[in-house]
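Participant: I have a structure here, written as structure tokens, and I will follow up with some questions on it.
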Amino acid sequence: DNTDRGIVLVTQSGDNNDSTTFQDDDDSVITHTQSGNRNTADTDQGSEDSISTITQAGDDNTATVVQGDVSDDQISTITQNGDRNTATVVRQGSDVLGPADDNNVSTITQDGNDNLGSIEQVAENTTHMLTQSGNDNSSTTLLGDDTSNASPLPTAITATILQSGDRNVSTITG
């Protein structure tokens, strides 16, 4: 049943770019693809089983993904190739009745220039992957178990940060 499914595809090529999307449908897919110049892409998804993909190629970049309320089984991927970079993924779930904010995967890949990456997820069975290849780097990952769920089951929370060259700094808080 795809009655809740929403699909948004945005493709931009050059100059002043900008893209903002909001979806509140389950099983939603949002894809931003930007090529060059001023860039910026924002995604706000407040639903379950959602996928967000942001790909930027160059220049001033910035990408923000906010997935939340009930953020179960969500996947977000941000890929930036060069220049000023900055990428943020935030999951703001409210798991008051059980495992409603679980099984999320966030990936940020930044290849070069000024970088900065941030992933914040507080839920069960989550995976964070942050990869930075070169230049000024820096990364922050906040993770934790959702304490409002009184389930006795063990949780799996994985955070991986890979940094290759230049000024590197990385923080994992959990």
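Participant: Quick check, is GLY6 open to solvent by less than 40 Å² (accessible area, probe 1.4 Å) and over 24 Å from ASN61 (Cβ atoms)?
Facilitator: Spelling it out, GLY6 is indeed open to solvent by less than 40 Å² (accessible area, probe 1.4 Å) and over 24 Å from ASN61 (Cβ atoms).
Participant: In the stretch 113-132, which residues are of a type in the set (Gly, Ala, Ser) and under 13 Å from ASN168 (Cβ atoms)?
Facilitator: GLY117
Participant: Does ASN37 fit the bill of being within 19 Å of GLY112 (Cα to Cα), open to solvent by less than 50 Å² (accessible area, probe 1.4 Å), in contact (Cβ under 8 Å) with a residue 24 or more places away in the chain and not in a strand (DSSP E or B)?
Facilitator: no
Participant: Sticking with this structure for a sec: Report whether or not THR20 is at pLDDT 85 or above, surrounded by 18 or more Cβ atoms within 10 Å (Cβ to Cβ) and closer than 22 Å to ASN104 by Cβ.
Facilitator: No.
The values are calculated or read from the model by the stated rules, or taken from the named source; none is laboratory data. Predicted model only: the values in this text are computed from it and were never measured. No Cβ is skipped: glycine too gets one built from the backbone with ideal geometry, and neighbour counts run over all protein chains shown. To get the accessible areas, we keep the full protein, side chains included, count just its heavy atoms, and leave off ligands, DNA and RNA. Shrake-Rupley method; radii C 1.70, N 1.55, O 1.52, S 1.80 Å.
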